[in-house]
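Trainee: Could you have a look at this structure, given as structure tokens, before my questions?
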Amino acid sequence: MSSQTKDTNKNVIRAKNIGVAFNSKKRDDYKSLIFNTFKRDKRSKEEKKFWPLTDINFEGHQGEILGIIGSNGAGKTTLSKIISGILQEDHGEIDVDGNVTALFSFGMGFNKELTGRENVYLNGMMLGIDKDMINHYINDIHAFSDLGEFFEQPMKYYSSGMKARLGFSVASHLQPEILILDEALNTGDAKFSRKAAEKMKELVKQAKMVIIVTHSLRYAQRNCDRLMWLDQGKVREIGDPKTVIENYKATVPPRPPRRHRNLQLEKTETEVGEGTIVKADNVGVSFKLNTGTFWALKNVSFEIKEREVVGIIGHNGAGKSTLCKVLTKILSPDEGHIELNGETSSLLGYGTGFNAQLNGTDNIYLNAMLLGISKERIEKNYDAIVEFSGLGKKIHQPVKDYSSGMKARLGFSIAAILKPDIFIIDEALSTGDMAFKQKASERIQEMMERAKAVIIVTHSMSFVEQICTRAIWMEKGQIRYDGTPEEAVAKYREAQGVKPVKNVRNNRNTKVMKNRAAQRNRKNKPAEKKSGADA
């Protein structure tokens with residue numbers, strides 16, 4: 001971004017000694033009384049004060065894009081809420097020169113029964129925007145979101161990525177003075193992320209500043225003028241993005257030494273079993289929309305063998321989440337059939353199934369019981385779940401006080417420690433910090449030895465290449481490619497207009513995997529082109 005648009009002498013935000021305190025057990029957390037019989041006495045005895053932010057000092061400059069990074073629970077979301085006026089600081093003072101528009105994670109503030117168009121007006125009016133201004137920008141918002149005919153459909157049919165696109169389109173077009181994006185673009189595909197980055201650079205030429213809270217260090221380095229690194233509620237460093245990121249990376253614990261540090265293709269090829277765990281045969285899922293019948297999935301066929309880790313990739317609205325809901329029996333196919341050989345445990349987005357009023361401990365019991373797991377098994381694994389999540393004493397706080405990353409960590413820990421047969425992860429790690437993604441990667445690899453199959457839906461191509469033994473690229477409700485992670489990612493990136501990334505992994509069995517991929521592609525060759533989206 002041109003330095004002519006920035007004015008480091010003019011401060012838009014001034015924060016001095018900001019501190020925020022929460023009680024570890026809130027009085028309005030009354031619903032947790034229902035679960036007291038399941039908990040050990042030592043977990044609910046006393047109320048303690050917890051400080052998610054202490055002595056925060058920083059300045060936000062006119063015309064800059066300021067990024068905020070840090071581990072899950074570092075205080076990033078809490079600081080965003082202080083800046084936007086949602087929370088009041090308990091000590092210190094903050095001066096914000098301008099109206100703040102905040103977008104917290106995907107879909108917050110949307111009414112799922114209303115159409116995309118109706119939600120634009122609802123969100124705009126909630127932000128205090130005049131209806132005439134919304135009328136002026138409504139067509140631009142529609143075009144920028146790339147939602148097409150779905151703009152006129154109820155949001156209950158939207159994928160998480162489609163919600164993210166609409167949310168950003170609304171927030172960025174209605175002339176914000178200060179725009180805060182707190183994990184709002186985590187579920188966006190590569191094409192929309194680039195489009196959003198360009199839009200933010202336009203915004204700071206007209207508005208005062210943009211603040212981005214993100215776990216994507218690559219995105220932060222490419223698009224931010226400065227970075228603020230938060231660590232345990234304090235400012236660790238503010239400055240040049242490249243320098244701050246290098247220092248942040250240096251604090252991430254190294255992976256423990258092990259015989260097979262990474263999931264290599266030659267190792268995986270020899271371990272994949274012959275038994276079929278999942279078999280989809282010409283699966284189709286349709287919805288009755290305002291404009292007629294819409295097929296979210298059409299002619300989807302594939303098989304997943306024992307101990308495979310399958311990545312599902314594709315742009316927003318490609319049908320990925322719909323497929324996950326079919327696999328978890330939330331949806332039933334309108335055409336074809338699907339066979340599952342084992343019990344399925346799913347993590348469909350971070351925080352799904354959590355009760356915001358209950359604390360972390362209560363939600364462990366609640367989630368596990370919803371999965372049909374006995375109290376004895378929960379009790380036996382409770383300490384391991386808490387330890388793996390890394391939440392520590394925060395496990396006793398209401399989930400409504402958790403960041404999106406903390407919810408992701410707890411949800412993954414519950415599902416992973418309780419050892420499911422078939423583990424489905426739909427964008428649940430999109431908000432995870434670097435250290436936890438590393439732990440999660442190790443755990444997924446370990447799960448292959450006892451779980452029957454792992455299915456991961458993600459927009460992180462590096463995660464797919466590192467962890468998955470196979471990848472399925474979906475487009476418009478159909479399978480576009482099914483084969484090696486490297487081939488699938490390369491083809492998807494090419495279609496998205498992204499330059500290929502050099503692969504340094506050791507793939508001695510690539511020819512074998514390509515042959516298997518070719519056989520699958522011949523079998524799954526898509527029929528006529530039809531539109532599709534995640535519901």
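The values are calculated or read from the model by the stated rules, or taken from the named source; none is laboratory data. Just so it is clear, the structure is predicted and the values come from calculations on it, not from any experiment. So basically every Cβ, Gly included, is an ideal-geometry build from the backbone, and we count neighbours across all protein chains shown.
Trainee: Answer with yes or no whether VAL235 is in the same structural domain as SER145 (by TED's automatic domain parsing), surrounded by 20 or more Cβ atoms within 10 Å (Cβ to Cβ), closer than 11 Å to GLY67 by Cα and in contact with a strand residue (DSSP E or B) (Cβ under 9 Å, 6 or more places away or on another chain).
Mentor: Against the criterion (in the same structural domain as SER145 (by TED's automatic domain parsing), surrounded by 20 or more Cβ atoms within 10 Å (Cβ to Cβ), closer than 11 Å to GLY67 by Cα and in contact with a strand residue (DSSP E or B) (Cβ under 9 Å, 6 or more places away or on another chain)), VAL235 does not qualify.
Trainee: Also: Only one of these conditions is not met by ILE417: (1) modelled with pLDDT under 80; (2) out of contact with any helix residue (DSSP H, G or I) (no Cβ under 6 Å at 6 or more places or on another chain); (3) closer than 17 Å to TYR365 by Cα; (4) of a type outside the set (Phe, Trp, Tyr). Which number is it?
Mentor: So ILE417 meets the others, but not (2).
Trainee: While we're here: Out of curiosity, is LEU181 in contact with a strand residue (DSSP E or B) (Cβ under 6 Å, 6 or more places away or on another chain) and buried (at least 24 other Cβ atoms within 10 Å of the Cβ)?
Mentor: For LEU181, the condition - in contact with a strand residue (DSSP E or B) (Cβ under 6 Å, 6 or more places away or on another chain) and buried (at least 24 other Cβ atoms within 10 Å of the Cβ) - is met.
Trainee: How about the range 57-149: which helices (runs of 4 or more DSSP H) wholly inside it have at least 1 residues that are β-branched (Val, Ile, Thr) and either at pLDDT below 85 or in contact with a Phe, Trp or Tyr (Cβ under 8 Å, 6 or more places away or on another chain) (or both)?
Mentor: 76-84, 131-145
Trainee: Exactly one condition in (1) touching a helix residue (DSSP H, G or I) at 6+ places or on another chain (Cβ under 6 Å); (2) modelled with pLDDT of 85 or more; (3) in the same structural domain as GLY19 (by TED's automatic domain parsing) is false for LYS205; which is it?
Mentor: Of (1) touching a helix residue (DSSP H, G or I) at 6+ places or on another chain (Cβ under 6 Å); (2) modelled with pLDDT of 85 or more; (3) in the same structural domain as GLY19 (by TED's automatic domain parsing), only one is false for LYS205: (2).
Trainee: Further question: Looking at (1) part of a helix (DSSP H, G or I); (2) surrounded by fewer than 23 Cβ atoms within 10 Å (Cβ to Cβ), which one does ARG480 not meet, given that it meets all the others?
Mentor: (1)
Trainee: Taking the residues in the range 378-414 that are in contact with a helix residue (DSSP H, G or I) (Cβ under 9 Å, 6 or more places away or on another chain) and acidic (Asp, Glu) as candidates, determine which candidate is farthest from PHE22 (Cα to Cα).
Mentor: If we take residues in the range 378-414 being in contact with a helix residue (DSSP H, G or I) (Cβ under 9 Å, 6 or more places away or on another chain) and acidic (Asp, Glu), then GLU379 is farthest from PHE22 (Cα to Cα).
Trainee: Continuing with this model, one more query. Just to be sure before I move on: is PHE35 of a type in the set (Phe, Trp, Tyr), at pLDDT below 90, closer than 30 Å to GLU376 by Cα and in contact with a Leu (Cβ under 8 Å, 6 or more places away or on another chain) in the structure I sent?
Mentor: Spelling it out, PHE35 is indeed of a type in the set (Phe, Trp, Tyr), at pLDDT below 90, closer than 30 Å to GLU376 by Cα and in contact with a Leu (Cβ under 8 Å, 6 or more places away or on another chain).
Trainee: Then there's this: Could you tell me whether any residue of the range 81-102 is over 30 Å from LYS234 (Cα atoms), in the same structural domain as TRP229 (by TED's automatic domain parsing) and basic (Lys, Arg)?
Mentor: no
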